[in-house]
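These notes concern the structure reproduced below.
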Amino acid sequence: MIQELLQIKPTDSFQDMRDRMGAFLGMNTPIPENAMRRAVQDQDYANNLITCRNAPGFLEVLLTDPENEQYALNTVQDNEISNVELIQKAAGAFMRWGKAGFSVVDDTTLEIRENACMGCENLSKPEKKLQKLVTSKPSEQIGKRISDCVCKLCGCSLSKKIRIPTESCPARHPENSNLNRWGEPALKTG
Ligand code: SF4
């Protein structure tokens, strides 16, 4: 379970990390190299992987997404250096996600976040194929009302984003610059 990811340490190999991520997602094989690199560097992609855990059809789409090729490295030397950096980064990222327990926010927070997104000018329909595939049918149910929408600022699929405790709205609240549009403390920038 989650321990497979939390056991990643800066001293581990890139192969160890791929093996554990594969096991965490319910696969019998390590996840592809480029998908692993992308998962560490692209949190929205990592969130989609976690959301599709134990769902082989959706995982297949994510793991073979052509955009993963952008994360390929060209030389052996680049690979060695970058993989060390990547593992260090992954150890920190997985630990943060682990602290959140890959849990979801409570219903009240979910409704507040969703209401904010529904009234926001940055709400939009998905354009990328991958975003379309990981969304689901619209509904009147709390947490599903923005099922087919993405955020124009961060590109995230909002039905997933609003559920994850460690996620944050990227826009400042129009009436209080210390908060984001969800009414939560804004992340400091610069
Ligand atoms: S995440 Fe924030 S900026 Fe994006 S649509 Fe929701 S409220 Fe608007």
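The values are calculated or read from the model by the stated rules, or taken from the named source; none is laboratory data. In this text, all values refer to a predicted model and were calculated from it rather than measured experimentally. Note: ideal-geometry Cβ built from the backbone for every residue, glycine included; neighbour counts use all protein chains shown.
The set of residues from segment 142-181 being more than 18 Å from the chain's Cα centre (by Cα), surrounded by fewer than 17 Cβ atoms within 10 Å (Cβ to Cβ) and within 13 Å of the ligand (Cβ to nearest atom) comprises 172, 173, 174, 179. Checked against (1) in contact with a helix residue (DSSP H, G or I) (Cβ under 6 Å, 6 or more places away or on another chain); (2) assigned to a loop (DSSP other than H, G, I, E, B), residue 160 passes all but a single condition, namely (2). Looking only at residues that are touching a Phe, Trp or Tyr at 6+ places or on another chain (Cβ under 8 Å) and in a loop (DSSP other than H, G, I, E, B) in segment 1-41, which one is modelled with the lowest pLDDT? This residue is 1.
From the residues in segment 164-188 that are acidic (Asp, Glu) and in contact with a Cys (Cβ under 9 Å, 6 or more places away or on another chain), which one is modelled with the lowest pLDDT? Lay out the reasoning, then the answer.
Kept after step one, since they are acidic (Asp, Glu), are these residues of segment 164-188: 167, 175, 184.
When the remaining residues are screened for being in contact with a Cys (Cβ under 9 Å, 6 or more places away or on another chain), the result is 167, 184.
On the way: 167: 81, 184: 93.
Among them, the one singled out is 167.
Among the residues making up segment 171-190, those that are in contact (Cβ under 8 Å) with a residue 40 or more places away in the chain and not charged (D, E, K, R) are 171, 182, 183.
Restricting segment 42-65 to residues that are more than 18 Å from residue 154 (Cβ to Cβ) and modelled with pLDDT under 85, which is surrounded by the fewest Cβ atoms within 10 Å (Cβ to Cβ)? Out of the qualifying residues, it is 57. Can you find even one residue in segment 117-132 that is near the ligand (Cβ under 8 Å from one of its atoms), surrounded by 19 or more Cβ atoms within 10 Å (Cβ to Cβ), in a helix (DSSP H, G or I) and modelled with pLDDT of 90 or more? Among the residues of segment 117-132, at least one is near the ligand (Cβ under 8 Å from one of its atoms), surrounded by 19 or more Cβ atoms within 10 Å (Cβ to Cβ), in a helix (DSSP H, G or I) and modelled with pLDDT of 90 or more, which makes the answer yes. For segment 105-116, filtered to residues that are surrounded by 14 or more Cβ atoms within 10 Å (Cβ to Cβ) and among the polar types (S, T, N, Q), the residue that is modelled with the lowest pLDDT is 109.
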